[in-house]
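These notes are about the structure you will find just below.
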Amino acid sequence: MNKKDIYTMTDEELAIEGQNLKKSKILHALAIGFLAGILVFGLIAWALSSEQNFGFLIPMLIPVFFIHRMLKKPNKNKELEEL
């Protein structure tokens, strides 16, 4: 979203964009929580297993990668949040 687009939008369009922003924040929080749950479950399963192979921990890096990607991506809606 360009700065020009935000400043030329009507109040109704800004309200709709604000609602979409809230929904996307909620979905991101749910996705991060789901991935963190997978990570915790996998780590507990690894810790309680009789054979603690470190090869089992490699797939646990996938949720870590996606969580990191969601948290560190640039915020595209920063101007909209400021309004």
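The values are calculated or read from the model by the stated rules, or taken from the named source; none is laboratory data. Just so it is clear, the structure is predicted and the values come from calculations on it, not from any experiment. Here the Cβ is made from the backbone with ideal geometry for all residues, glycine too, and neighbour counts use every protein chain on show.
Out of all the residues in region 24-73, which are of a type in the set (A, V, I, L, M) and touching a Phe, Trp or Tyr at 6+ places or on another chain (Cβ under 9 Å)?
First, the residues of region 24-73 that are of a type in the set (A, V, I, L, M): 26-27, 29-32, 35-36, 38-40, 43-45, 47-48, 57-58, 60-62, 64, 67, 70-71.
A31, I32, L35, A45, L57, M60, listed by residue number.
Residues in region 66-83 that are surrounded by 10 or more Cβ atoms within 10 Å (Cβ to Cβ), modelled with pLDDT of 65 or more and not charged (D, E, K, R): F66, I67, H68, M70, N77, L80.
Quickly run through region 27-58 and pick out the residues that are surrounded by 10 or more Cβ atoms within 10 Å (Cβ to Cβ) and modelled with pLDDT under 85.
Once the filter is applied, which keeps residues that are surrounded by 10 or more Cβ atoms within 10 Å (Cβ to Cβ) and modelled with pLDDT under 85, region 27-58 yields Q52, F56, L57.
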